[in-house]
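Colleague: Dumping the structure here so I can ask a few things about it.
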Amino acid sequence: MIDKSLKLSLGALLLCAALCPVTLWGQDSTTSKQVASKPKHHPVEVTGCLQKSNEAGEFSITAEDGKTWDLRSENVKLSKHLGHKVTVTGTPYHESQAEEAKEEKAEKNEAKEEKTEKKEAAAKEAHLRVTGLKMISESCSK
């Protein structure tokens with residue numbers, strides 16, 4: 001009788017030990033999938049005067065904190081709101097290395113004084129892919 005119950009207990013223990021890693025592995029993959037699906041950037045809202053940028057198809061806005069944002073959008077017609085005070089909503093992004101190289105090449109053609117000013121401005125500059133726009137006023141004056 002002891003031998004039979006010992007065999008059953010040992011068999012149950014081995015079965016449990018064999019199934020525990022499978023259960024834990026399944027939980028780990030679910031957690032990693034949830035982490036991977038989180039967005040990299042949170043939506044940002046910026047209010048200011050919409051201006052044309054020196055880059056083709058690009059606009060800019062300076063926020064009330066002084067930070068300048070380069071704006072791009074495939075869906076929002078930014079050109080219709082030039083010179084207007086607006087609030088834009090979008091997601092921040094980084095320029096590709098090719099875009100950065102193109103801008104650096106253009107900067108090399110400028111005077112050194114202007115280049116220094118641009119570098120200082122670039123430190124405050126960010127890029128935003130606009131997904132929404134709300135017009136506050138048809139003019140930028142306060």
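Colleague: Check 57, 26 and return the single one that is closer than 29 Å to residue 135 by Cβ, loosely packed, with under 15 Cβ neighbours inside 10 Å and at pLDDT below 90.
Modeller: 57
Colleague: Continuing with the same structure: Which count do you get for residues in the range 75-101 that are modelled with pLDDT of 90 or more and within 20 Å of the chain's Cα centre (by Cα)?
Modeller: 9
The values are calculated or read from the model by the stated rules, or taken from the named source; none is laboratory data. Just so it is clear, the model here is predicted, and its values are computed rather than measured. Glycine gets a Cβ as well: all are built from the backbone with ideal geometry, and neighbour counts include every protein chain shown.
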